[in-house]
Amino acid sequence: MKRVFLTSTPSHRNAYDLFEGRWASDLSELVPDLPVGGGLPGFHADPRPRQAAEVLGRDGRFDGYDILELGPLEGAHTCQLEALGANSVTAVESNSEAFLKSLVVKNIAGLSRSTFLLGDVSQHLAAPGPRYDLIFACGILYHMFDPLELIRLAAARSDRLFLWTHYYASQPRLKRHVPRAVEHEGQRLTLHELTYRDRGLATFWGGNQGKTRWIELPDLIRVLAHHGLTETKVITDAPDFVNGPAVTLAAWRPSAAAPA
């Protein structure tokens with residue numbers, strides 16, 4: 001980032017302007033006097049954190065929960081998770097610019113129980129560390145070259161997993177995906193590989209590798225069950241969603257109870 005010295009009156013707008021034209025989120029939801037952009041309304045209007053709390057929380061909230069958020073992007077969902085009562089949110093982001101934007105959002109929103117970490121989510125899950133009451137993963141699984149390994153690692157660190165992800169289905173618009181036969185702990189599956197074309201763009205919000213592999217929805221549920229998350233609830237299934245079929249899904253172990 002280019003070093004800039006400001007002589008204007010200090011404001012949140014100054015921090016916003018550091019990334020002018022490159023925000024994925026609509027920060028006017030958070031601070032009304034910030035520009036209304038074409039970004040995602042993730043701070044209030046997006047229902048997914050509330051959906052997670054309704055299925056995997058307690059009385060529609062996350063009071064007492066220590067949550068791991070995978071791929072927070074700019075921290076919009078993080079704000080909602082904290083507002084829903086989370087005891088702590090650890091949010092791991094691989095995109096360095098998105099990480100810095102998350103810190104701007106943390107400052108603007110006054111988040112006090114959320115910590116943003118810069119690095120790879122799989123590396124974080126594979127390293128020694130605590131168990132989490134919930135892993136919240138919106139918009140990340142379909143960016144993984146090895147989504148099966150991410151599921152395995154996540155299931156080893158929590159009894160509850162909330163996912164929003166694209167999945168593969170045979171559709172003409174997904175003709176660039178190339179089928180790849182894989183084996184995962186004795187299971188034979190087909191993943192569908194896609195090479196990114198837009199990684200050089202400033203607005204690229206994809207994964208940290210040049211290729212990704214999408215999983216089919218029945219196989220996703222099967223792999224979750226294989227790793228102990230045998231209870232699943234498909235909250236929404238949108239096969240005609242823009243950019244590809246998408247599912248909102250909660251998965252948990254039958255023995256999982258809300259934290260005391």
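The values are calculated or read from the model by the stated rules, or taken from the named source; none is laboratory data. In this text the structure is predicted, and so the values were computed from the model without any measurement. Virtual Cβ from ideal backbone geometry, glycine too; neighbours counted across all protein chains shown.
The requirement of being within 26 Å of A250 (Cα to Cα) and of a type in the set (K, R) is not satisfied by R13. Among the conditions (1) assigned to a loop (DSSP other than H, G, I, E, B); (2) surrounded by 13 or more Cβ atoms within 10 Å (Cβ to Cβ), the only one that N243 does not satisfy is (2).
Scanning the range 246-260 for residues that are surrounded by fewer than 15 Cβ atoms within 10 Å (Cβ to Cβ) and in contact (Cβ under 8 Å) with a residue 12 or more places away in the chain, which turns out nearest to L141 (Cα to Cα)?
P254
Looking only at residues of the range 95-117 that are under 14 Å from the mean Cα position of the chain (by Cα) and either of a type in the set (A, V, I, L, M, F, W, C) or modelled with pLDDT of 95 or more (or both), we find that the one that is nearest to G129 (Cα to Cα) is L117. Here D46 passes the criteria (1) in contact (Cβ under 8 Å) with a residue 12 or more places away in the chain; (2) of a type in the set (D, E); (3) farther than 23 Å from T236 by Cβ except the one numbered (3).
Annotation: of all residues in the range 153-190 being surrounded by 13 or more Cβ atoms within 10 Å (Cβ to Cβ) and polar (S, T, N, Q), the one that is farthest from F136 (Cα to Cα) is T190.
Against the numbered list (1) of a type in the set (A, V, I, L, M); (2) closer than 19 Å to A250 by Cβ; (3) part of a loop (DSSP other than H, G, I, E, B), L111 comes up short only at (2). Inside the range 131-178, residues that are in contact (Cβ under 8 Å) with a residue 12 or more places away in the chain, part of a loop (DSSP other than H, G, I, E, B), under 23 Å from G210 (Cα atoms) and not aromatic (F, W, Y) make up a count of 8.
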